[in-house]
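See structure below.
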2 protein chains.
Amino acid sequence: MKISIAQLNYTNGSIVKNCEKIIARIHQAKNEGCELVIFSELSVCGTLPYDLLLRNDFIAQCNEELQKIARECTNITAIVGCPVVENGKLYNSAVCLRNGQIEQLFHKNYIEWDEQLYFTENSELKYLHSNNLNIAAIFANDIENQHIKQHCKHADCVVVLSSQAFCGNNEIHTQLAQIAKEISTPIIYGNCVGGEVSAVFEGASAVFSAEGKMEEMLPYFEEECKIFDVPCRDVACYVSVPQFGGGDVARYVSTNQPFNKIALTHNALVLALKDFCAKRNFKTATLGLSGGLDSAVVLALTVQALGSENVRVFLLPSEFSSQHSIDDAVALAEKLNVQYDTLSIVPLYNTALQTLQPIFEGLPFGLAEENIQSRLRGLLLMAASNKFGSIVLNTTNKSEAAVGYGTLYGDTNGALSILGDVYKTDVYRLAHYINRNEEIIPQNTITKAPSAELRPDQKDSDSLPDYEVLDAILYEFLENNQSQNEIIAKGFSPVVVEKTLRLVRMNEYKRFQFPPVVAVSTCAFTAQRRMPL
Amino acid sequence: MKISIAQLNYTNGSIVKNCEKIIARIHQAKNEGCELVIFSELSVCGTLPYDLLLRNDFIAQCNEELQKIARECTNITAIVGCPVVENGKLYNSAVCLRNGQIEQLFHKNYIEWDEQLYFTENSELKYLHSNNLNIAAIFANDIENQHIKQHCKHADCVVVLSSQAFCGNNEIHTQLAQIAKEISTPIIYGNCVGGEVSAVFEGASAVFSAEGKMEEMLPYFEEECKIFDVPCRDVACYVSVPQFGGGDVARYVSTNQPFNKIALTHNALVLALKDFCAKRNFKTATLGLSGGLDSAVVLALTVQALGSENVRVFLLPSEFSSQHSIDDAVALAEKLNVQYDTLSIVPLYNTALQTLQPIFEGLPFGLAEENIQSRLRGLLLMAASNKFGSIVLNTTNKSEAAVGYGTLYGDTNGALSILGDVYKTDVYRLAHYINRNEEIIPQNTITKAPSAELRPDQKDSDSLPDYEVLDAILYEFLENNQSQNEIIAKGFSPVVVEKTLRLVRMNEYKRFQFPPVVAVSTCAFTAQRRMPL
């Protein structure tokens, strides 16, 4: 049987646009002689439209477009993902379209995390039998569910519809390989691609043999439609974004696929930025270039995503800026062929101090004065953004966001945070990856000691532990949910651990007003972590 | 049987502090001869600790403190609310403590909204019988659930543990009265009070007779412990924050309690602000006073919450500020006896234009220049906040937040948004309520046409429909989830409706970075509404 996986890039909430894309692919698959074409989870509406799912008009429009797609399904069967109401309840469903109509609905069984707010779980397992093609559909993502495994075993092939976002690992592949082996049945895994603000759907759709071997894989982060000849007539369909416990991974079989986390993170961030602009009709972006590492990496990624002609940067030096910062920033802008302007913040800073003099008189230089500099930079970038219609990109990294090392309404400004889920130690790795073929980011930017340059001779290490130590502590606390005592027991300094965790807790309020962060881990701020202030 | 409702103010996530409060009340209730003392839902940990519920250390600490409370429960029975793990699953439970130990757990049945991300639902209904006191416990909030009703009928009295936030209506009372009547059983409803960033737990615990009459009500927004003599020995316990469909309300019996929405909204906002500061050890607040209505109302509320000696305001006029704005602002500050300073933004604004001159040269005055003024004000307020350790209060109202009428990183600044869930037309009502006994807010501030004063002779009505029309359209769209066509069908101008809804959709990005909004409706931004950008 000729089956096509359609790995497409949908737009969240844009039902008409998504359905045009689906219909075009159905026609193409028909021309290519496919019997079955598989789209991903919620392909009709995009993932995840949140409270739009509570609106009757939105659900009605999904249904209308579904009917439209169905009418195109003659001499071919399509399975699309769509929110569907049945008996007054909303389900996340795979919809089988055939003979010009909606043939059957298969509701997702295990509903995870955010989706619980909208969708009802389904515990029913069912098969679809018809003349030309036998499709058996099940819905769940619990690998331990014996009912579902039994159900899958009765099919010749299992189809998994997914909307899996990149999270810094390939556990989805190892898990699916394991399931295929366990049930001795091939699995066809269809995912979508595309940046959707915080989430970057990773693609990497794949086919696994009944022996648990990954036979083929579609690319990460690119649209592709591929046809497989699967020696089967019965297909089981599975809607799923499996959840993993960290400890369970070891027991899954390896897919023996090379997984370069930094290269994929790089590509995920580029796609996130590209789609953020494309899906909102922004063409150009701007950012402040400090000469430091974070803005340098963001600039290199932005040029990749939008082209150097669509990026404009500003050097915004103060009296505390070092000459090497300015030189490094200029070198990078020239290397990347990006328009740059230098706007000194010194006159504005002095005027701000004069304006505040009546109330600040006699008080020593401190945090207020440091933050004024950061906020003036934010103000100038936003002014340029307003004037030229460019989006401002945030350059804060995850380590800084975690401990609140940055000024609210200054450093934290931006339409999208590119590095907000990338620890500082990984920002260095990204810089080395960007420089893999030639020196793009100046060596001096990579090797010099990080500094915010908001007061004379300031260094990040004045306020924070070394980033290797800081990141290791943060990782244990944030990603592994370890307690203070557990982290100290791993050999970290109790004083440093206590201080770090206190900073994390104290700065929830800054993250509350942070721009959306592109998630490249399982624990991104704003997207995947909610804490009381 | 002497039963006490303990209507207390807990702190979200502060387990030790909450439990000290619970233990003190248990001792007091013992001295008063109570047999049973009832605390509210999640009283041990506060509501809702979000992802802290995913941490083993947090759950372990809840359990530790629960044991500590249990040891105090001799010669008295207490029911507290606490997250509890059973068979590897986390439940939102009522815990019955007696004879110095945890006697039995009753898990909440129907888990709603945000809580679904953390808690497992329970479908088991059970009673607790012992020598001295018979407690029957059920868990669900589905008024249509016949099993639960049957279960309740076998008790002499139903206890409802709740954590109900103020949402602008008293449907919880009408619904509980209806249930009591339907099952012919008295209901004791125990709620908590207190501001918890976005949520203001309203109190208003009450006792309903078997005839559906509200016999007694504890105050809104105040801690109180009250003892009731209930002629019963069997008690059914019910953990619940019922959900209501708007259309269902009419069929509930009336409680005949006067419900003054504006007065309660006023008190909710004052408590939210008071607790936001008290629970974070902030003593003082600051805000920009424009002479307009919104900042005037926020100032009056802030003086109520923190006292005039803890509030400091800044007049930040520009070349576009009118003299009456300055006069009205000064009159209000003097009336409320609040320290005020005037810092002109003119020098900063001119310096900003000079700084931007190289890139803005030859371009006309526009949004960029307007926003610079707002951001300079934000910068000065934040500088004062940093220098003096005061929090900045946001003064944006819900109508503005909805259509994005305000500058990101300027008007939108603040630690807490006081009016972000109050439509402009209700801000007028609040102003009249504040002036109910004497003129506090100058009459001119209330009667003049609203203006942002960012360009010559600007009026809100240049960009927006009249607030009566705007608010009516927004209400249909936001609170009633009506579609564009449905709203037009109610008689609004199609052009105005289309423009308004487009503005709402376009400005999700501003609200993403908005401060937490105090919710006083069922559809508050940041707290209760999540949309794709």
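The values are calculated or read from the model by the stated rules, or taken from the named source; none is laboratory data. On a predicted model such as this, the values are computed, not experimentally measured, just so you know. With ideal geometry, Cβ positions are generated from the backbone for all residues, glycine too; neighbour counts draw on all protein chains shown. Quick note on the areas: whole protein, heavy atoms, side chains included, nothing else; ligands and nucleic acids left out. Shrake-Rupley method; radii C 1.70, N 1.55, O 1.52, S 1.80 Å.
Can you name the residue in region B:497-533 that is open to solvent by 10 Å² or more (accessible area, probe 1.4 Å) and among the small types (Gly, Ala, Ser) and is also farthest from the other protein chains (Cβ to nearest Cβ) among such residues? Residue satisfying both the conditions and the ranking: B:Ser521.
Contact annotation: residue pairs with Cβ atoms under 7 Å, 6 or more positions apart or on different chains, pairing a residue in region B:91-103 that is in contact (Cβ under 8 Å) with a residue 24 or more places away in the chain with a partner that is open to solvent by 50 Å² or more (accessible area, probe 1.4 Å) and part of a strand (DSSP E or B), are B:Val95/B:Ile102; B:Cys96/B:Glu103; B:Leu97/B:Glu103.
Restricting region A:311-359 to residues that are among the charged types (D, E, K, R) and over 16 Å from A:Leu293 (Cβ atoms) leaves a set whose member that is farthest from the other protein chains (Cβ to nearest Cβ) is A:Glu334.
For region B:286-327, the set of residues classified as open to solvent by 10 Å² or more (accessible area, probe 1.4 Å) and on the phi > 0 side of the Ramachandran plot consists of B:Gly307 only.
Can you say whether B:Ile440 is out of contact with any strand residue (DSSP E or B) (no Cβ under 7 Å at 6 or more places or on another chain), among the hydrophobic types (A, V, I, L, M, F, W, C) and away from every other protein chain (no Cβ under 14 Å), as far as the supplied structure shows? Yes; evaluated as a whole, the condition is true for this residue.
Just to be sure, is A:Gly414 in contact with a Ser or Thr (Cβ under 8 Å, 6 or more places away or on another chain), on the phi > 0 side of the Ramachandran plot and crowded, with 23+ Cβ neighbours inside 10 Å? Walk me through how you get there before you give the answer.
Working: in contact with a Ser or Thr (Cβ under 8 Å, 6 or more places away or on another chain): yes; on the phi > 0 side of the Ramachandran plot: yes; crowded, with 23+ Cβ neighbours inside 10 Å: yes.
Taking the combined requirement at face value, the residue satisfies it.
Scanning region B:328-344 for residues that are touching a helix residue (DSSP H, G or I) at 6+ places or on another chain (Cβ under 6 Å) and assigned to a loop (DSSP other than H, G, I, E, B), which turns out most open to solvent (accessible area, probe 1.4 Å)?
Within region B:328-344, the first condition is being touching a helix residue (DSSP H, G or I) at 6+ places or on another chain (Cβ under 6 Å), and the residues that meet it are B:328, B:332, B:336-338, B:340-341, B:343.
Subsequent filtering for residues that are assigned to a loop (DSSP other than H, G, I, E, B) retains B:336-338, B:343.
Details: B:Leu336: 25, B:Asn337: 115, B:Val338: 9, B:Leu343: 7 Å².
If we take residues in region B:328-344 being touching a helix residue (DSSP H, G or I) at 6+ places or on another chain (Cβ under 6 Å) and assigned to a loop (DSSP other than H, G, I, E, B), then B:Asn337 is most open to solvent (accessible area, probe 1.4 Å).
Only one of B:Gly46, B:Gly13 is at positive phi, open to solvent by 10 Å² or more (accessible area, probe 1.4 Å) and within 14 Å of chain A (Cβ to nearest Cβ). Can you tell me which?
Result of the check over B:Gly46, B:Gly13: B:Gly13.
Cβ-Cβ distances below 9 Å connect the following pairs, each with a first residue in region A:65-82 that is assigned to a helix (DSSP H, G or I), a second residue that is of a type in the set (S, T, N, Q), and a separation of six or more residues or different chains: A:Glu65/A:Asn18; A:Gln67/A:Gln101; A:Ala70/A:Asn99; A:Ala70/A:Gln101; A:Arg71/A:Gln101.
Going by the conditions given, is A:Leu54 surrounded by fewer than 18 Cβ atoms within 10 Å (Cβ to Cβ), within 14 Å of chain B (Cβ to nearest Cβ) and in contact (Cβ under 8 Å) with a residue 24 or more places away in the chain?
Details: surrounded by fewer than 18 Cβ atoms within 10 Å (Cβ to Cβ): yes; within 14 Å of chain B (Cβ to nearest Cβ): yes; in contact (Cβ under 8 Å) with a residue 24 or more places away in the chain: yes.
Yes.
With the requirement that a residue be surrounded by fewer than 22 Cβ atoms within 10 Å (Cβ to Cβ), of a type outside the set (A, V, I, L, M, F, W, C) and modelled with pLDDT of 85 or more, what does region B:153-169 give you? If you could, list the steps in order and put the result at the bottom.
Looking only at region B:153-169, we keep the residues that are surrounded by fewer than 22 Cβ atoms within 10 Å (Cβ to Cβ), and these are B:153-154, B:156, B:167-169.
Next, only the ones that are of a type outside the set (A, V, I, L, M, F, W, C) stay: B:153-154, B:156, B:168-169.
Within region B:153-169, B:Gly168, B:Asn169 meet the criteria.
When A:His27 is tested against (1) over 28 Å from B:Asn481 (Cα atoms); (2) in contact (Cβ under 8 Å) with a residue 60 or more places away in the chain, just one condition goes unmet, and that condition is (2).
When restricted to residues that are farther than 19 Å from A:Phe525 by Cα, within 14 Å of chain B (Cβ to nearest Cβ) and out of contact with any Asp or Glu (no Cβ under 9 Å at 6 or more places or on another chain), region A:443-491 contains 1.
Test A:Gly378 against the stated conditions and say whether it is within 14 Å of chain B (Cβ to nearest Cβ), crowded, with 23+ Cβ neighbours inside 10 Å and touching a Pro at 6+ places or on another chain (Cβ under 6 Å). If you could, list the steps in order and put the result at the bottom.
Values: within 14 Å of chain B (Cβ to nearest Cβ): yes; crowded, with 23+ Cβ neighbours inside 10 Å: yes; touching a Pro at 6+ places or on another chain (Cβ under 6 Å): no.
Taking the combined requirement at face value, the residue does not satisfy it.
Scanning region A:360-375 for residues that are facing another protein chain (nearest Cβ under 7 Å) and assigned to a helix (DSSP H, G or I), we see that the one that is most open to solvent (accessible area, probe 1.4 Å) is A:Leu367.
Looking only at region A:434-448, which residues are open to solvent by less than 80 Å² (accessible area, probe 1.4 Å) and farther than 23 Å from A:Ile345 by Cα? Break it down into steps so the answer makes sense when it comes.
So the first thing to find is which residues in region A:434-448 are open to solvent by less than 80 Å² (accessible area, probe 1.4 Å), and the list is A:434-435, A:440-442, A:444-446, A:448.
Once the filter is applied, which keeps residues that are open to solvent by less than 80 Å² (accessible area, probe 1.4 Å) and farther than 23 Å from A:Ile345 by Cα, region A:434-448 yields A:Ile434, A:Asn435, A:Ile440, A:Ile441, A:Pro442, A:Asn444, A:Ile446, A:Lys448.
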